[in-house]
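Chemist: Below you will find the structure I want to go over with you.
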Amino acid sequence: MNTLYITGAGVSAESGIPTFRGEDGFWTIGSQNYTPMEMATRAMYMRQPDEFLAWYYHRFARYRDHGPNDVHHWLANKNLITQNIDGLDGKAGNQDYIAIHGRLDKITLFHEQGEAVVILDAPWDKIDEQCLKPSLLQHFKIETTPQLNISFKPFVLLFDEYYTNLYRMDEAQLRMKSADKIVFMGTSFSVNITNIALDIAMNNQIEVDVVDPEPVILPYKNVRYIKTTARDYVQTQG
């Protein structure tokens, strides 16, 4: 059986990385002046790049050295699309997973969406936390505002951006359509990629499993709800 796994923040929780909408999640913690939904946007990056990069550094880059857990290792040889940007599936050995929302450890040139650009290593280890904002602006090549094809941007899909093939979107949809079964693990179904996958499953009558202690009830009859953590689930799979 060709099973496709689509994972969310719940899978990385046991690696010490907060989920997005939990009590201590990323989206419950904003900056001093802005909410998380305002911060994680292309508009904020363009308008106040120092504020954007500092928030991104504190909320994400501090977790760059965390390691994979048992679930990531179990998924290492699986057909996998993850919503997570932590890169832990790659650290666990999955050589062909799709990071549909980007990667914490990568950057790209700031470009018009849809253009082909090279993905580069992020400079997080070079950042001087004692003068955080100036150091971030220096390493992201921003003087006052980001300049197209000169400045750098974290390789992450923001709320006011859309899926492109930089994030391997066509390949992700092909994997969804060719799957015999889709297993959603640790996701709240609050982002577009899970809705796209569910629509494809419904249109093609693909079997769906939802693995979550408190699963979202989906408008699809061909769903099996497995009310457990991702870790407990993989332990039953051998």
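Chemist: Just the residues that are part of a helix (DSSP H, G or I) and over 16 Å from residue 159 (Cβ atoms), please, taken from segment 54-68. So that I can check it myself, show each step before the final result.
Modeler: Going residue by residue through segment 54-68, those that are part of a helix (DSSP H, G or I) are 54-59, 61-63.
Once the filter is applied, which keeps residues that are part of a helix (DSSP H, G or I) and over 16 Å from residue 159 (Cβ atoms), segment 54-68 yields 54, 57, 58, 61, 62, 63.
Each row is one residue, and each column tells you yes or no for (1) modelled with pLDDT of 95 or more; (2) farther than 18 Å from residue 63 by Cβ; (3) basic (Lys, Arg).
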{"position": "103", "(1), (2), (3)": "no, no, yes"}
{"position": "108", "(1), (2), (3)": "yes, yes, no"}
{"position": "144", "(1), (2), (3)": "no, yes, no"}
{"position": "149", "(1), (2), (3)": "yes, yes, no"}
{"position": "153", "(1), (2), (3)": "yes, yes, yes"}
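Chemist: Need pairs with beta-carbon distance below 7 Å; first residue touching a residue at least 12 places away in the same chain (Cβ under 8 Å) and within segment 68-95, second acidic (Asp, Glu) and in a strand (DSSP E or B); sequence gap 6+ or separate chains.
Modeler: Within 7 Å, the pairs are 87/105.
Chemist: Here's something else I'd like to know. Only one residue in 136, 80 is at pLDDT 95 or above, of a type in the set (A, V, I, L, M) and in the same structural domain as residue 40 (by TED's automatic domain parsing). Which one? Spell out how you get there, then give the answer.
Modeler: On the way: 80 fails: in the same structural domain as residue 40 (by TED's automatic domain parsing).
Only one candidate qualifies: 136.
Chemist: So residue 121 clears everything in (1) surrounded by 14 or more Cβ atoms within 10 Å (Cβ to Cβ); (2) touching a strand residue (DSSP E or B) at 6+ places or on another chain (Cβ under 9 Å) except one condition, right? Which one?
Modeler: It is condition (1) that residue 121 fails.
Chemist: Can you pull out the residues in segment 161-176 that are surrounded by 14 or more Cβ atoms within 10 Å (Cβ to Cβ) and of a type in the set (Ser, Thr, Tyr)?
Modeler: Correct list: 163, 164, 167.
Chemist: Restricting to helices (runs of 4 or more DSSP H) lying wholly in segment 113-219: which have 2 or more residues that are under 28 Å from residue 48 (Cα atoms) and without any contact (Cβ under 8 Å) to a residue 60 or more places away in the chain? Steps first, answer last, please.
Modeler: Numbers: elements: 132-139, 169-178, 192-203.
Hits in segment 113-219: 132-139.
Chemist: Something else: Being among the aliphatic types (A, V, I, L, M) and closer than 15 Å to residue 165 by Cα is the filter; apply it to segment 70-108 and report the residue that is surrounded by the fewest Cβ atoms within 10 Å (Cβ to Cβ). Outline the logic, then answer.
Modeler: Keep residues of segment 70-108 that are among the aliphatic types (A, V, I, L, M), which gives 71, 75-76, 80-81, 85, 88, 92, 98-100, 104, 107.
If we keep only those that are closer than 15 Å to residue 165 by Cα too, we end up with 81, 98-100.
Values: 81: 24, 98: 20, 99: 23, 100: 24.
Going through the qualifying residues, I end up with 98.
The values are calculated or read from the model by the stated rules, or taken from the named source; none is laboratory data. Here the structure is a predicted model, which is why all the values come from computation and not from measurement. We place every Cβ from the backbone using ideal geometry, glycine too, and count neighbours over all the protein chains shown.
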